[in-house]
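Reviewing the structure listed below.
The values are calculated or read from the model by the stated rules, or taken from the named source; none is laboratory data. Since the model is a prediction, treat every value here as computed from it, not as a measurement. Here the Cβ positions follow ideal geometry from the backbone for every residue, glycine too, while neighbour counts run over all protein chains shown. Each accessible area value is taken on the protein alone, full model and side chains, heavy atoms only, with ligands, DNA and RNA left out. Shrake-Rupley method; radii C 1.70, N 1.55, O 1.52, S 1.80 Å.
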Amino acid sequence: MTEVADRITGLVGALRAHGVRIGTGESVDAARAVEALGLTDRELLREGLAATLLHGPGQRAVFDPVFDLYFPRAVGGLEGSGPDRDALRDRLAEALAADDQAMMARLAAEAVDGMGGYGSSPGSDGFSAYQTLERLRPQTLLARVRADVRGRDGGGADFADRLLDDEIRRRIEAFRRMVGTEARRRVAERRGRDEIARRGVLPTADRVDFLFAGRDQLAELRRAVQPLARKLATRLAARRRRAARGTVDLRRTLRSSLSTGGVPMRPVLRRRRPVRPELVLLCDVSGSVSGFSDFTMLLVQALHDQFSKVRVFAFVNRLDEVTGLLGHGRADPDGLSARIRAEATLTGWHGSSDYGVALGEFAERYVDAVGPRTTVFVLGDARTNMSDPNLAAVREVARRARRVYWLNPEPRAQWGTGDSAAPAYADLAEMHECRTARQLGALIARLLPV
Amino acid sequence: MYITPRPGGLGRNHVTESVNKRLDRRPDTVPDPPEAPLFTSVDDVSARLAETGYLASPAVATTVFLAGRLGKPLLVEGPAGVGKTELAKAVAQVAGARLVRLQCYEGVDESRALYEWNHAKQLLRISAGRDESWDETRTDIFSEEFLLPRPLLTAIRGDEPTVLLIDETDKADVEMEGLLLEVLSDFQITVPELGTVTATRRPFVVLTSNAGRELSEALRRRCLFLHIGFPEEELERRIVRLKVPGLGAALTESVVRVVGALRAMDLRKAPSVAETVDWAHTLLALGADTLDETVVRDSLGVILKHQDDIQKAAAKLDLDAL
Ligand SMILES: Nc1ncnc2c1ncn2[C@@H]1O[C@H](COP(=O)(O)OP(=O)(O)O)[C@@H](O)[C@H]1O
Ligand SMILES: [Mg+2]
């Protein structure tokens, strides 16, 4: 059992390194779970460890690949059969048509073994999922698999047949993930499991850098907006309650003490006026930071009932109000940025961002949006493309607003390098580094007025 | 159940004594987990749940098995209609246990969850016993007879095997979590006027949540965590076959495929297992034997609840304009 204990320890360590909070109690439960379940069925083990170690659904995306490293499906490479690409593709097409997942997993192992190795002799330096998939090109099997399935079912008369392409795409996607898992496993055998588990496993979507997130990750992030918003709403409500509890209302305490002969038995707490704050968002939606802005806009929209008023402005080098585009029923998250670009006037002569002009336009045309109850958030990397940052406009907004915060998706170390006017803006508005959804959530929970 | 009289409290000794005698328990009995394990193996869980009409995924069966073995509460999270409540009911049924359910809602409080004094009855008793001293009356009206136990107390007091279902925990206010945490830590409840009630037999606890609100870390840590998402196709086909046996195999397969496609569409509310089953019932009632555009278009309202979802799905499924 000690070998198993070591693995659990390693697994727990790797999960912690990914930000999953696991106490000793959970580790003990995990060990008991392994004892109760035995080691014969790997999938039961997976579920048992997940049930004891995890506390929320978001952690599962990190857990599974890490589990695959510590409790691999197999050890070592495969025997015999050299890499015959065409034969492998034939068998893969068959497995995809039959949706035979066990076979797909086996083929993923064969593919990585035969095509994924690199170095002076194959595999001497490591295994690459990318190389495997480039050589195997499973996505090009779509037409063949489709024909295969249709031939099998006899024609495509059924309505559900029009779903087939998407279904096959999902199977191919699943196969690609299997290849990724297998390549990580093989590399881990060579270079040490602990290191790969910490570095080779993609971080959870909420820890991905906005500036480097791929399309899939951005899509996943958008799906995370609602849960994150609910979580934040809970926290804001708690903060609001705390704030409301606040101070003792002396007058009312004394009045209510009349019934106890003037002895103040129960302090009466002052109720805060139930006025919700107003929020204004100024978002740079130019290419480089649009992922960040989109996400934040959706998040604020999802939180709209926390505020008495929310207004959202987007800019590149011109600025326009987009509050209406975020309205209820219209917030199709995938199409948001396209709609903003299509329906709002955001660019003038050229397509790159100009903070000075855009902020100036805000101060000129919309300054009435900002009053003593308004908190303003500016979202952007503060890269002005060498034009005038127009500090006067920011100063004017800051003077009128309750608070101005600036959320910058660039690492702090890069502020002020090249054409970044971050330090100058940071003098006028409290600037925070905000690189990931996790950071954004924490900042919002802390900075939003309640 | 064992009632410890509250020292210096109002608990009249003969009440607790008689209760303890009736239950034939020693004051020093320590609550211990149920004698015979609930399930012998994960397969045993699956097989017995299936007999009651609940088809468990491997994840569900494994976690239920572990909850029994480790004696920990089970927190089941997932979208509406994936069988969270049903699971608790099924577990109660196969364990031959009574099901005690605390349905949470906004504003549920101690008097709904723990116990309440029956004030009306107390008043009657007070006015009936005019000749008694106040001390006697007071002792009497704060006794068992005037107590209205609510689900948490009921579940802890029982001597028989019990499944305690705390349903839709996310709907309760945050304050309620503190109370739950206390009860789930010690399995005892103190009634100040009466004493402390300790479970002699710990209930099998299932908490459910639709994640409408993030539950506190402390509560999560007390529990085994199980996320039930939408089932794999194969499992969903089996559920449809079980619930709507009259529907043909080909149609069952198509239904599950279309629902799967809808779930991939990023709708405001993705259809759940409950909707799949409803749709299957509808198709059976309509006498459809294959899916075609008209049938899908006419019955889409059974699976999708929002008008804009219906429109989006119709567009993506290439249905003619609605
Ligand atoms: N695994 C399953 N086996 C059998 N029926 C299921 C299963 N999952 C869901 N159902 C069906 O879905 C319906 C809704 O389940 P329910 O427990 O009310 O959902 P939830 O509590 O998650 O909202 C049930 O009535 C049941 O018919
Ligand atoms: Mg339910």
Among A:Lys309/B:Lys269; A:Lys309/B:Lys171; B:Lys89/B:Lys243; A:Lys231/B:Lys89; B:Lys243/B:Lys269; A:Lys309/B:Lys305, which pairs are too far apart, with a Cα-Cα distance over 18 Å? A:Lys309/B:Lys269; A:Lys309/B:Lys171; A:Lys231/B:Lys89; B:Lys243/B:Lys269; A:Lys309/B:Lys305
What FRET efficiency comes out for A:Glu343 versus A:Arg365 if R0 is 22 angstrom and r is the Cβ-Cβ distance? Round to the nearest 0.05. 0.80
Reported to two decimal places, what Rg/Rh ratio describes the protein assembly as shown when computed on Cα atoms with Rh from the Kirkwood expression? 1.01
Within 10 Å of each Cβ in B:58-65, the average number of Cβ atoms from other chains: 5
Keeping the other protein chains in place, figure out the carbon and sulfur percent of the accessible area of the stretch A:85-192, with a 1.4 Å probe. 46
Ordering of A:33-45, B:259-271 by packing [mean C-beta count within 10 Å, highest first]: B:259-271, A:33-45
Hydrodynamic radius by Kirkwood for chain B, inverse mean 1/r across distinct Cα pairs, in Å, is 22.5
As a percent rounded to 5, the proportion of antiparallel DSSP bridges among beta bridges in the protein assembly as shown is 30
Total accessible surface hidden between A and B, rounded to 100 Å², 1.4 Å probe: 3200
What FRET efficiency, computed as 1/(1 + (r/R0)^6) with R0 = 45 Å and r the Cβ-Cβ distance, is obtained for A:Arg152 and A:Glu195, rounded to the nearest 0.05? 0.50
Evaluate the charge dipole of the stretch A:2-70 about its Cα centre and quote only its size in Debye, nearest 20, assuming +1 on the Cβ of each Lys and Arg and -1 on the Cβ of each Asp and Glu. 240
Find the Rg to Rh ratio for the stretch A:85-192, where Rh is the Kirkwood radius over alpha-carbon pairs and Rg uses the same atoms. 1.06
The protein assembly as shown, accessible area per residue, ligands and nucleic acids excluded (1.4 Å, Å²): 47
Over the protein assembly as shown: helical MRE at 222 nm, DSSP H runs n ≥ 4 each giving -39500 (n - 2.57), nearest 500: -15500 deg cm²/dmol
Starting from the exponent 0.38 and prefactor 2.2 Å, build the expected Rg for the stretch B:233-321 from its residue count and divide its actual Cα Rg by it. 0.99
Counting every Cα pair in the stretch A:2-70, what percent are over 15 Å apart? 45
Quote the charge dipole size of the protein assembly as shown about the Cα centre in Debye, to the nearest 20; the model charges only the Cβ of Lys and Arg (+1) and of Asp and Glu (-1). 2600
Span from the the stretch A:400-415 Cα centroid across to the the stretch A:431-450 one, whole angstrom: 10
Calculate the spin-label point distance for A:Tyr130 paired with A:Asp305, positioning each point 7 Å from the Cα along the beta-carbon direction, and give it in nanometres. 4.6
Potential lengthening between B:Tyr105 and B:Glu145 on full extension [0.36 nm per residue; Cα-Cα distance subtracted]: 11.6 nm
Using a 1.4 Å probe on the protein chains only, how many percent of the accessible area of chain B belongs to carbon and sulfur? 50
